[in-house]
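The values are calculated or read from the model by the stated rules, or taken from the named source; none is laboratory data. Because the structure is predicted, anything quoted here is derived from the model rather than measured. Cβ placement follows ideal geometry from the backbone for every residue including glycine, while neighbour counts extend to all protein chains displayed. These accessible areas exclude ligands, DNA and RNA; they are computed on the full protein's heavy atoms, side chains included. Shrake-Rupley method; radii C 1.70, N 1.55, O 1.52, S 1.80 Å.
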Amino acid sequence: MDLSLSPSEAALQVKARRFCDEVLAPLEDLVADAGHLPHDRRADLRRAVVDWGFTGINHTRADGGCGFTVLEQMLVNEQLGRASSGLWAAVWQPPIPLRFGTPAQKEMYLRPSCRGERRGCYAITEPGAGSDARLVRTSAVLRDGLWRISGEKWFVTSYDACDYIIVHAHVDGDPGKPTLFLVDRATPGIRHMGSPRFMHDYIFDHAELVFDDVVVPPEQMLGGIGQGLELTKDWFVEARLQIAAHCIGAATRAAEIAAAHAKTRVQFGRPIREFQAIEFMIADMAVDIMAAKSTLYRVAWEIDAGIDRKSVHARASAVKLLSSEMAGRVLDKALQVLGGRGYMRANPVERLYRDVRVDRIWEGTSEIQRTIIGAQVAKRGIGVYAGWPGESP
Ligand SMILES: Cc1cc2nc3c(=O)[nH]c(=O)nc-3n(C[C@H](O)[C@H](O)[C@H](O)COP(=O)(O)OP(=O)(O)OC[C@H]3O[C@@H](n4cnc5c(N)ncnc54)[C@H](O)[C@@H]3O)c2cc1C
């Protein structure tokens, strides 16, 4: 079993780390002060992503992306996760369901998105539909050959950076017909109700939108009628793996800062690292990161090796649950090791502490991940998670 990275994977990791240190880190204070990245700084950042070659890192070369393996994508995302305030979102990763678009849709949405000329956001959640997407009330009705979409969407991340929205609606209001639509942001009838502030600072916004009889031509339906939930599942899988990688990057940076501080901070005549209470926190952080990182890399490798779609879905939940809960524990300990300094806004650990809290909520809460994992174990046995590829049963 050779678990080491290849020279090209290691080089990609180094490049992503340099991108984080040289491009994202200098923007951290700006985003933390403003609560978002000011609009006049966005074009430069977009150009930097293009110049560094991180355009469409999650799509194939044929679709205009980088053609990275899943492991390579995770290596990049892990490094991006070191940056606080959601700066990782600077590197656009066009939602994976676009891969299933028609040739015309790919030409109009996916390829320009990979190039960074367009950007999409994803609108599923509503006031009455959170964990249970079947409760979506947004409806799409076909009249005179055109779709008319009406409803309300909440928490739409990166709305202020996007020019189209992937809207999850129910055709004829029927929960049995969940369907996705590509809706250009400038389409009449879309009302921006506001973008509330959240616990974290984030480079873009999280908008509340009303769709009031928004007219969309039939060629802007993504997939078929009733395929919305399946396509959204693919997005969840991808987003869950990305979140896991960001969490590992954030936790690693925080643990490094805490460990360095513990070495130099002297109280009661010695570095605080020499107190076992501190040393044990550092040890727990290191082991927690090791477990999550090992699992993420293994699962990425398995996906690249071609495991079936159901297993990918099952694994993504485990990786997201493990990594997001790990990040919560590690950030809490890192802050404790830093004492009052860890609680200061200027400290990256304070910002990362707030950042990782949402990772237990979005793209399926920890409880929903446990529900998925529990159902898999009930159906296929504990070996789905406790087993190892190639192991005899
Ligand atoms: C900052 C941010 C950005 C977001 N971005 C987007 C976005 O871009 N697009 C989008 O569509 N959505 C987005 N979301 C929404 C996010 O996906 C939802 O918040 C999430 O799915 C949970 O839904 P909810 O908030 O309605 O909580 P609820 O579903 O109401 O859950 C409340 C509590 O009940 C628990 N619960 C619910 N059902 C069960 C169950 N079956 N078993 C056990 N416990 C359960 C939950 O785990 C949670 O603890 C975003 C959210 C946030 C906070």
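Within the option set Arg134, Arg148, being part of a helix (DSSP H, G or I), over 19 Å from the mean Cα position of the chain (by Cα) and more than 8 Å from the ligand (Cβ to nearest atom) holds for one residue only, Arg134. Scanning segment 381-393 for residues that are in contact with a helix residue (DSSP H, G or I) (Cβ under 8 Å, 6 or more places away or on another chain) and part of a helix (DSSP H, G or I) turns up Val384, Tyr385.
Rundown of residues vs (1) over 19 Å from Ser85 (Cα atoms); (2) without any contact (Cβ under 8 Å) to a residue 60 or more places away in the chain; (3) among the small types (Gly, Ala, Ser); (4) in contact with a Lys or Arg (Cβ under 8 Å, 6 or more places away or on another chain), yes/no style:
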position: Leu321; (1), (2), (3), (4): yes, yes, no, yes
position: Gln376; (1), (2), (3), (4): yes, no, no, no
position: Ala386; (1), (2), (3), (4): yes, yes, yes, no
position: Ser392; (1), (2), (3), (4): yes, yes, yes, no
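Do we have any residue at all in segment 266-284 that's out of contact with any Leu (no Cβ under 6 Å at 6 or more places or on another chain) and in contact (Cβ under 8 Å) with a residue 60 or more places away in the chain? Yes, segment 266-284 contains a residue that is out of contact with any Leu (no Cβ under 6 Å at 6 or more places or on another chain) and in contact (Cβ under 8 Å) with a residue 60 or more places away in the chain. Residues in segment 170-184 that are away from the ligand (no atom under 12 Å from the Cβ), touching a Ser or Thr at 6+ places or on another chain (Cβ under 9 Å) and outside any loop (DSSP other than H, G, I, E, B): His170, Val171, Pro178.
Residues that are in a loop (DSSP other than H, G, I, E, B) and either within 11 Å of the ligand (Cβ to nearest atom) or basic (Lys, Arg) (or both) within segment 202-215 comprise Tyr202, Phe204, Asp205, listed in sequence order. Looking across segment 218-272, the residues that are farther than 16 Å from Leu352 by Cβ, in a helix (DSSP H, G or I) and of a type in the set (D, E, K, R) come down to Glu219, Glu230, Lys233, Asp234, Glu238, Arg240, Lys263. Of all positions in segment 332-345, at least one carries a residue that is surrounded by fewer than 24 Cβ atoms within 10 Å (Cβ to Cβ) and not in a helix (DSSP H, G or I).
Within the span defined as segment 313-328, every residue fails to be at pLDDT 95 or above and more than 22 Å from the chain's Cα centre (by Cα). Against the numbered list (1) over 30 Å from Leu37 (Cβ atoms); (2) surrounded by fewer than 21 Cβ atoms within 10 Å (Cβ to Cβ); (3) of a type outside the set (Gly, Ala, Ser); (4) within 12 Å of the ligand (Cβ to nearest atom), Trp154 comes up short only at (1). Quickly run through segment 185-201 and pick out the residues that are charged (D, E, K, R), within 28 Å of Asp29 (Cα to Cα) and either more than 14 Å from the ligand (Cβ to nearest atom) or surrounded by fewer than 20 Cβ atoms within 10 Å (Cβ to Cβ) (or both). Listed by number, the list holds a single entry, Arg197. Taking the listed residues Ile248, Ile166, the one that is in contact (Cβ under 8 Å) with a residue 60 or more places away in the chain, within 15 Å of the ligand (Cβ to nearest atom), open to solvent by less than 10 Å² (accessible area, probe 1.4 Å) and of a type in the set (A, V, I, L, M, F, W, C) is Ile166, with no other qualifying. Within segment 1-48, the set of residues being in a loop (DSSP other than H, G, I, E, B), surrounded by fewer than 17 Cβ atoms within 10 Å (Cβ to Cβ) and in contact with a Leu (Cβ under 8 Å, 6 or more places away or on another chain) comprises Leu5, Pro38. Quick check: anything in segment 221-228 within 16 Å of the ligand (Cβ to nearest atom) and either farther than 29 Å from Asp308 by Cβ or of a type in the set (Lys, Arg) (or both)? No.
Taken as a whole, the structure places Ala386 among residues that are open to solvent by 60 Å² or more (accessible area, probe 1.4 Å), within 19 Å of Thr295 (Cα to Cα) and out of contact with any strand residue (DSSP E or B) (no Cβ under 9 Å at 6 or more places or on another chain).
The set of residues in segment 185-203 that are of a type in the set (Val, Ile, Thr) and out of contact with any helix residue (DSSP H, G or I) (no Cβ under 7 Å at 6 or more places or on another chain) comprises Thr187, Ile190.
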